[in-house]
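Heads up, the thing below is written out as structure tokens.
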Amino acid sequence: MIAVGSSGCGQTVSGSAKPAGSGTGDTVNTNFDKLLRECEIVSLADIADAVGAKGTAPEPSFYGAVCMWYALGAPGGGAMVTLNWYEIGSLNNEKANNDKLGYSTNNITVQGRRGLETRRPNDPDSCGVSAGAADQGVIGFWINYRQGSAHPDPCAGAKKLVELTLNLAR
């Protein structure tokens with residue numbers, strides 16, 4: 001013999017549905033036009049300067065979980081710049097992930113706070129720098145130059161972009 005039972009988890013709420021923000025005096029931005037504003041925290045001119053690009057502004061190539069730009073005018077035939085901003089994250093977690101990936105990570109200081117400088121093995125053409133964000137979480141920039149090309153130190157450029165981000169976020 002099988003017994004079947006049913007119980008409800010629902011609840012009836014009196015009143016009528018209203019659009020977001022109505023009746024509270026606060027306005028809610030339902031245009032979603034500021035979702036990717038972190039991708040604009042550093043200007044295209046500053047990105048170009050950090051990678052040594054001359055003549056052309058970096059082109060946005062992806063805005064989503066990370067922001068990416070391609071700087072065609074960078075030494076060596078171009079550079080890819082990537083920004084990551086994890087609102088819930090820590091440098092200890094970044095370090096643990098880098099270790100799992102076999103990356104080398106050094107502790108550095110960025111605007112008076114702890115940061116990480118990260119390199120992939122046998123890849124002198126790229127570098128990432130991460131630091132604690134101004135309020136919480138972790139921000140980081142990666143610079144990837146064309147493999148085997150002559151270019152400036154990618155770690156110096158990535159650190160400069162993180163410094164600018166921390167300065168502007170205050």
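Using the Cβ-Cβ distance between residue 62 and residue 14 with R0 set to 41 Å, the FRET efficiency from 1/(1 + (r/R0)^6) comes to roughly 0.30.
Within the straight-line cut-off of under 18 Å between alpha carbons, the aspartates and glutamates reachable from residue 100 are 117, 123, sequence neighbours fewer than 8 places apart in one chain being disregarded.
The protection proxy used here, the mean number of other Cβ atoms lying within 10 Å of each residue, ranks peptides 119-125, 88-94 as follows, highest first: 88-94, 119-125. At 1.306 mPa s and 10 °C, plugging the Kirkwood radius over alpha-carbon pairs of region 108-170 into Stokes-Einstein gives what diffusion coefficient in µm²/s? Diffusion coefficient, whole number: 133 µm²/s. Enter the Cα centre distance for the pair region 100-170 and region 31-93, rounded to the nearest angstrom. Each part's Cα centre sits 13 Å from the other's.
Which whole-number value in Å² is the accessible area per residue of region 74-151, probe 1.4 Å?
On the way: 3890 Å² over 78 residues.
Using a 1.4 Å probe on heavy atoms only, each residue of region 74-151 averages 50 Å².
Using 0.36 nm per residue, how much length does the chain from residue 134 to residue 122 gain when fully extended, once their Cα-Cα distance is taken away?
Result for the pair: 1.1 nm of gain on full extension.
Quick check on region 30-104: take the gyration tensor over C-alpha atoms, sort the square-rooted eigenvalues as a ≥ b ≥ c, and tell me if it's rounded (a/c under 1.5), prolate or oblate.
It comes out oblate by the Cα gyration axes.
The values are calculated or read from the model by the stated rules, or taken from the named source; none is laboratory data. This one's a predicted model, so the numbers in the text were calculated from it and none came from an experiment. So basically every Cβ, Gly included, is an ideal-geometry build from the backbone, and we count neighbours across all protein chains shown. Note: areas computed on protein heavy atoms with side chains; ligands, DNA, RNA excluded. Shrake-Rupley method; radii C 1.70, N 1.55, O 1.52, S 1.80 Å.
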